[in-house]
Amino acid sequence: VDAGALPWPPGAEAWNAKELELFIGSGGFLKPKAKRSVAAPGTVPATQTSKAESKAVQEERIGGSDEPDEEPSSFEVPGFSKERHAVTMPVRVHCEDTAPHGHVRLESLVAFAERIRSLALEKVGGTTLADLMEQKKAILATEYVVEIVGPGIHHLDTLRIDTSPEFPAAPLFPWTTEMFLGSGQLYMKGLFALNLCQVSESGAYSGIDEERYKQFADTWRKFTKPGKSTFSPTSLRMFKAYEIAGTPFTPSSRREVQYVVRAADCDMYNVLFQARVASMMEACHSRHDPMAFYVNIRMSVRPGDALAVHVLAEEDAALFICLRGKEPVLTAFGHYGSSRPMCQEGMKCAS
């Protein structure tokens, strides 16, 4: 492929390797807008900074010495556990959250994870998603994995959500999420790649710049887990966070289904709400017992969009490729039937 012949966005020639990986990894959804800074005359080179300065910078990157206080949680009120170093909150499973195969709907699990993040955003940062929308900003989930790993669950059971963010590079701030049964047994594992974006007058989304990303991150760094990170500035692809199973995905059937995106599939940003994907794909596939999903929202999907959903399936797994015209705007990979780990092979098919 001749890279010079590809339709690169304006300013792409100034991107560094990290920004190029962000653009390619998002399928062109996020366009970096990094500004190059020029050292002023007389500036001391980084190599000459003192050890004390270096330590201060390092402390700033990991949240300094600030440690969040222990804070109790309750329904709809997130708290903080110092023992687990996680933002935490209980959530009750209602009838609309249950599924015929005896588990919580994947859609509800993703919505629970979104709920604790939104409530924490307001409690810690004093900002709601509606406030961000008025500021022409948005928090978008472009990729995520949700996995059921525990036994069946009952109506009105309570799940404890533990979640924590990390800040590898603008505009990405992933959240690791776990949900536990009342017995303490792990029920769900999730990883959500969120992006802090700015919204243009035309409604287009682009990654926020480094300076505003840092301002946002400074409020949250103390909630990151010390010594534990899934991503880094040079490793931003989600599939790298998962193991290689050594077994390729080998579909034995293929079908095409038409799906028209409804307003009920979308949120206040007038784009697809990420939690809806597993349920949308269920309408296109014969299996109704999903246990894990990887979702890659490659481009904005809006109400009324007509999607040609190509379903490639084997006995207990399926790959979904959703085309709007000729554009692959949404892809997903699902496991069905029994609980087993999500792995790189399937995720790469949908990446």
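The values are calculated or read from the model by the stated rules, or taken from the named source; none is laboratory data. What you are looking at is a predicted structure, and each value in this text was computed from that prediction instead of being measured. Cβ atoms come from the backbone with ideal geometry, glycine included; neighbour counts cover every protein chain shown. Ligands, DNA and RNA are excluded from the accessible area calculation, which covers all protein heavy atoms including side chains. Shrake-Rupley method; radii C 1.70, N 1.55, O 1.52, S 1.80 Å.
Could you check region 110-141 and list, in sequence order, the residues that are under 16 Å from P165 (Cβ atoms), touching a residue at least 24 places away in the same chain (Cβ under 8 Å) and among the small types (G, A, S)? Correct list: A113, A120, G125, A141.
Of all residues in region 220-229, none satisfies being under 24 Å from M280 (Cα atoms) and either of a type in the set (A, V, I, L, M) or in contact (Cβ under 8 Å) with a residue 40 or more places away in the chain (or both). Is it true that A278 is out of contact with any His (no Cβ under 7 Å at 6 or more places or on another chain) and surrounded by fewer than 18 Cβ atoms within 10 Å (Cβ to Cβ)? Criteria not met by A278.
Counting only strands (runs of 3 or more DSSP E) wholly contained in region 79-150, the ones carrying 1 or more residues that are closer than 22 Å to S300 by Cα and aromatic (F, W, Y) occupy 137-148.
Kindly indicate whether G25 is crowded, with 18+ Cβ neighbours inside 10 Å, among the small types (G, A, S) and at pLDDT below 95. Criteria met by G25. In this entry, K123 is excluded by the filter for residues that are within 19 Å of the chain's Cα centre (by Cα) and open to solvent by 20 Å² or more (accessible area, probe 1.4 Å). Could you list, in sequence order, all residues of region 248-261 that are surrounded by fewer than 19 Cβ atoms within 10 Å (Cβ to Cβ), part of a loop (DSSP other than H, G, I, E, B) and either polar (S, T, N, Q) or within 22 Å of the chain's Cα centre (by Cα) (or both)? The answer is T250, S252.
Taken as a whole, the structure places E76 among residues that are of a type outside the set (A, V, I, L, M, F, W, C), under 21 Å from Q274 (Cβ atoms) and open to solvent by 40 Å² or more (accessible area, probe 1.4 Å). Scanning region 281-317 for residues that are assigned to a loop (DSSP other than H, G, I, E, B) and open to solvent by 40 Å² or more (accessible area, probe 1.4 Å) gives A283, S286, R287, H288, R298, M299, R302, P303, G304, E315, D316. Listed by first and then second residue, the pairs linking a residue in region 61-77 that is among the acidic types (D, E) to a residue that is open to solvent by 100 Å² or more (accessible area, probe 1.4 Å) and at pLDDT 80 or above, with Cβ atoms under 9 Å apart and 6 or more places separating them unless they lie on different chains, are E70/E83. Within region 318-337, the set of residues being touching a residue at least 40 places away in the same chain (Cβ under 8 Å) and open to solvent by 20 Å² or more (accessible area, probe 1.4 Å) comprises P328, G337. Of the numbered conditions (1) farther than 22 Å from A120 by Cα; (2) among the aromatic types (F, W, Y); (3) touching a Pro at 6+ places or on another chain (Cβ under 6 Å), Y205 fails exactly one; give the number of that condition. Of everything listed in (1) farther than 22 Å from A120 by Cα; (2) among the aromatic types (F, W, Y); (3) touching a Pro at 6+ places or on another chain (Cβ under 6 Å), Y205 misses just condition (3). Exactly one of (1) open to solvent by 50 Å² or more (accessible area, probe 1.4 Å); (2) touching an Asp or Glu at 6+ places or on another chain (Cβ under 9 Å); (3) part of a helix (DSSP H, G or I) is unmet by R340. Its number? The failed condition is (3).
Residue-level analysis places A264 among those that are aliphatic (A, V, I, L, M), part of a helix (DSSP H, G or I) and surrounded by fewer than 18 Cβ atoms within 10 Å (Cβ to Cβ). In this entry, Y213 is excluded by the filter for residues that are more than 29 Å from D66 (Cα to Cα) and touching a residue at least 40 places away in the same chain (Cβ under 8 Å).
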